[in-house]
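The following block contains the structure, expressed as structure tokens.
The values are calculated or read from the model by the stated rules, or taken from the named source; none is laboratory data. Bear in mind the structure is a predicted one, so any value in this text is a computation, not a measurement. Glycine gets a Cβ as well: all are built from the backbone with ideal geometry, and neighbour counts include every protein chain shown.
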Amino acid sequence: MSTPRLALVTCADFPDLHPEDRPLIPALAERDIAAEAVIWDEEQVDWSAYDMVVLRSTWDYSSRREEFIEWARSVPRLVNPPNVVRWNSDKHYLQALEDHGLAVVQTTWLEPERGYDKRALHNRFPAREDFVIKPAISAGSVGAGRYTATDANSRRYAIEHAMRLLADGHSVMVQRYMPKVDLHGEIALVYFHGTYSHAMKKGAALTDVGEAVSQEGADVEEMESYRATPAEIEAGQTALAFARARIPGRSLSSRPLAYARVDMVPAGGGEPVLMEMELVDPRLHLSLGRHALARFADSLVAELRMGPDAANIDLA
């Protein structure tokens, strides 16, 4: 019996995988899986030669989303699958989840085709407290900026930021800044096949009011290990199950995704609300969870053995 081959998909910026993911190759070798790093947009790659293809550090796709989705649709045995990639690579999924009743960070959406002038944007920004502006399609916090509603200069910078994004054809998110983040940070919970693995915490990413995060900061994410509470773990699982039933091509009868990361922040009363759900190629920070590398490797082996999930249909 031949050794299964597995492609760990990356981008040209990390041809040998991001350092966080490199230990996966020997971990999978211990499980009799031959894994290697492969760049997603290299034309000569024969993807059919692999028994399974796993998205890991494809972090340049946000500027080429449609091309990336077409590529994903062409790849057999992609993990996580193409319907998930399409749904999760545009943060409008947060609106869909909120519309169905899930607690998410309060967001106002600005669409480029609406042709907003500066006054219209001013009227759509919060009247009090800080708020965040960011594009609906981006890598991490790139393109995001924090502004103060009651400061005239900060508000002007926010208008200019939104105008630039809209002029470039981006949908824009205006989110209320969650002040408890400054004290408690953001929590990231990792799940493999729906089972909690480990959690991390990071401090506030947008500490500089009036400055947007540049592309150069895209691969920087300072995390520390975090002991999640039962309530936080349950909130993350609830959010995943909620999404699972609403992603096109998936239902509660389909199996849980091989990997998922749920980022949450505390609301005013301390209850966790969804900031973001990362299902395409999240940073899993495996070194911060005890035995997390082994759990992830085991989840990929299980996914390989289970074969394709019939629920993962490709909806164009």
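Kindly check whether there is at least one residue in region 111-123 that is under 26 Å from ARG246 (Cβ atoms), surrounded by 15 or more Cβ atoms within 10 Å (Cβ to Cβ) and out of contact with any Pro (no Cβ under 7 Å at 6 or more places or on another chain).
So far as region 111-123 goes, no, none of its residues is under 26 Å from ARG246 (Cβ atoms), surrounded by 15 or more Cβ atoms within 10 Å (Cβ to Cβ) and out of contact with any Pro (no Cβ under 7 Å at 6 or more places or on another chain).
Tell me, which residue of region 123-148 that is hydrophobic (A, V, I, L, M, F, W, C) and modelled with pLDDT of 90 or more is nearest to THR58 (Cα to Cα)?
ILE137
From ASP151, ASP130, grab the single residue that is surrounded by 15 or more Cβ atoms within 10 Å (Cβ to Cβ), within 18 Å of TYR177 (Cα to Cα) and out of contact with any helix residue (DSSP H, G or I) (no Cβ under 6 Å at 6 or more places or on another chain).
Exactly one of ASP151, ASP130 is surrounded by 15 or more Cβ atoms within 10 Å (Cβ to Cβ), within 18 Å of TYR177 (Cα to Cα) and out of contact with any helix residue (DSSP H, G or I) (no Cβ under 6 Å at 6 or more places or on another chain), namely ASP130.
Here are the criteria: (1) touching a Leu at 6+ places or on another chain (Cβ under 9 Å); (2) closer than 27 Å to LEU165 by Cβ; (3) basic (Lys, Arg). Tell me which single one ARG77 does not satisfy.
Only one criterion is unmet by ARG77, namely (2).
Let me ask something else about it. For region 49-64, name all the residues that are surrounded by fewer than 20 Cβ atoms within 10 Å (Cβ to Cβ) and either touching a strand residue (DSSP E or B) at 6+ places or on another chain (Cβ under 8 Å) or modelled with pLDDT of 95 or more (or both).
Within region 49-64, ALA49, ASP51 qualify.
Listed residues PRO76, PRO82, PRO26; which is within 15 Å of the chain's Cα centre (by Cα) and not assigned by TED's automatic domain parsing to the domain that holds ALA144?
PRO82
Of the residues GLU36, GLU70, GLU98, GLU43, which single one is without any contact (Cβ under 8 Å) to a residue 40 or more places away in the chain, out of contact with any Asp or Glu (no Cβ under 8 Å at 6 or more places or on another chain), more than 20 Å from HIS193 (Cα to Cα) and in a strand (DSSP E or B)?
From the options GLU36, GLU70, GLU98, GLU43, the qualifying one is GLU36.
Could we say that ALA139 is closer than 28 Å to PHE192 by Cβ and in the same structural domain as LEU166 (by TED's automatic domain parsing) here?
yes
Within region 247-262, does at least one residue satisfy the condition of being within 20 Å of GLN175 (Cβ to Cβ), modelled with pLDDT of 95 or more, surrounded by 20 or more Cβ atoms within 10 Å (Cβ to Cβ) and in contact with a strand residue (DSSP E or B) (Cβ under 9 Å, 6 or more places away or on another chain)?
Yes: one or more hits.
Hey, does region 111-121 have a residue that's of a type in the set (A, V, I, L, M, F, W, C), in contact with a helix residue (DSSP H, G or I) (Cβ under 7 Å, 6 or more places away or on another chain), under 17 Å from TYR177 (Cα atoms) and not assigned by TED's automatic domain parsing to the domain that holds THR58?
No, because not a single residue in region 111-121 is of a type in the set (A, V, I, L, M, F, W, C), in contact with a helix residue (DSSP H, G or I) (Cβ under 7 Å, 6 or more places away or on another chain), under 17 Å from TYR177 (Cα atoms) and not assigned by TED's automatic domain parsing to the domain that holds THR58.
While we're looking at this one, here's another question. Out of (1) under 24 Å from HIS18 (Cβ atoms); (2) aliphatic (A, V, I, L, M); (3) buried (at least 20 other Cβ atoms within 10 Å of the Cβ), the odd one out for VAL142 is which?
Only one criterion is unmet by VAL142, namely (3).
Now for a different question. Of all the residues that make up region 83-110, how many are surrounded by fewer than 17 Cβ atoms within 10 Å (Cβ to Cβ) and of a type in the set (Phe, Trp, Tyr)?
Going through region 83-110 one residue at a time, the tally reaches 1.
Please work out which one of (1) over 16 Å from the mean Cα position of the chain (by Cα); (2) at pLDDT 85 or above; (3) assigned by TED's automatic domain parsing to the domain that holds ALA258; (4) surrounded by fewer than 19 Cβ atoms within 10 Å (Cβ to Cβ) is the condition LYS201 fails and give its number.
(1)
Still on this structure, I have one more. Report the residue count in region 139-183 for those that are out of contact with any strand residue (DSSP E or B) (no Cβ under 8 Å at 6 or more places or on another chain), within 21 Å of ARG119 (Cβ to Cβ) and in a helix (DSSP H, G or I).
So the count comes out to 8.
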